[in-house]
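The structure appears right after this line, and notes come after that.
Every read-out reported here was derived from the displayed coordinates using simple, explicitly stated rules and does not represent laboratory data. Predicted, not measured: the structure shown is a model, and the values here were computed from it. Neighbour counts are summed over all protein chains in view; Cβ atoms, including those assigned to glycine, are modelled from backbone coordinates with ideal geometry.
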Amino acid sequence: MTPTTRRGSGSWPAADRVKGEGLSVAWIADLPLLPCPTARPERGGTAAVSKSHGRPLRLSQADIVRCKDKEALYVQGRGELRRELTRALRTGRARRKPHRRPDARRQGCIVDPTVMISRRPAEAEDRAIPGHWEGDLIMGEGNRSAIGTLVERSTRYVMLLHLPAEHTAEAVRDALTSTVLTLPAHLRRSLTWDQGKEMAQHQQFTITTSVPVYFCDPHSPWQRGSNENTNGLLRQYFPKSTDLTVHTPADLLAVAAELNARPRKTLNWATPAERLNMLL
């Protein structure tokens, strides 16, 4: 496939086209400045908003820019350019890693139907009322270390649990309790988790905090979609192949503060911290 850039009903002059699979970096660097209303919103809402008033933008080799008249530049790398583009991806790889076979996945340990997600209040589903949280553990190398993650469904506010020694049910219960009790009562409505054995002490957690816990159906991570998305962002700070016990509580606070200060498109480019402060 030979990428071309359409401009109205025509195209770039033949001399500007590149034969083969990719575009040269030099060719892209020589592109003129183009006014464009939106560009790379993934890079952050502040940048996207500030560049949405007709200011000129210079395209890089990794940009796909859609302008007002639907013009677009498609870049297909080859050789070193392809590797450079792959390294620029958030995951650092071009293909998804294969999942475990269904029969090799861990089985849920929660059998009480009264705490399943189907019993969660409807107000948590539409995110209209704040105070409903999603939680999970992100694991380190060999599943020997972990960090707990909490995400508020309405504001996407992130809180991290420090688990320096172990991630047993008792350790997770204590970390959850101490973290959740720092929140005002109106922001402690429910917690949704997967069916991991680290939540075996959920009843004691609920007695102490008055926060009911609801569990997702087995193998249904999309029922904690905000948390799953946040865990993907956190992997940039806490890779899977590392020991997570080396991170101090101050480290976790700094990472959470950085994510909470990040503008989100789903929040109309507000930050989670701004949205939460409006509720305090």
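Remark: region 172-186, residue by residue, has Karplus-estimated 3J(HN,Hα) of 5, 4, 5, 5, 4, 4, 5, 6, 5, 5, 7, 8, x, 4, 6 Hz, where x stands for each Gly or Pro and the curve is 6.51 cos²θ - 1.76 cosθ + 1.60 at θ = phi - 60°.
For ASP217, the residues 5 or more places off, or on other chains, whose built amide H falls under 5 Å of its own are ILE117. Loop only per DSSP, at most 14 neighbouring Cβ atoms within 10 Å: give me the trypsin sites (Lys or Arg not before Pro) in region 171-280, ordered by residue number. Answer by residue number: ARG235, LYS240. Fully extending the segment from SER241 to ARG82, taken as 0.36 nm per residue of separation minus the present Cα-Cα distance, adds 54.8 nm. By the compact-protein rule of thumb, 2.2 N^0.38 Å, the alpha-carbon radius of gyration of region 170-239 corresponds to a ratio of 1.17.
Per-residue extension of 0.36 nm, minus the Cα-Cα distance of LEU89 and GLU125, leaves a gain of 9.8 nm for this segment.
What is the extension gain from ARG144 to TRP222, computed as 0.36 nm multiplied by their sequence separation minus the C-alpha to C-alpha distance, in nm to one decimal? Before the final figure, lay out each step's value.
Details: separation 78, 0.36 × 78 = 28.08 nm, distance 2.51 nm.
Result: 25.6 nm gained on full extension.
Taking amide H atoms as placed 1.01 Å from N in the peptide plane, the amide H of ALA270 lies under 5 Å from those of ARG264, each 5 or more residues away in sequence or on another chain. Once the C-beta distance of LEU280 and ASP251 is scaled by a Förster radius of 22 Å, the resulting FRET efficiency is 0.35 to the nearest 0.05. Selection among LEU176, GLY225, VAL211 by position relative to the dipole of region 107-277 gives GLY225 as farthest towards the positive end (Cβ unit charges, Cα centre).
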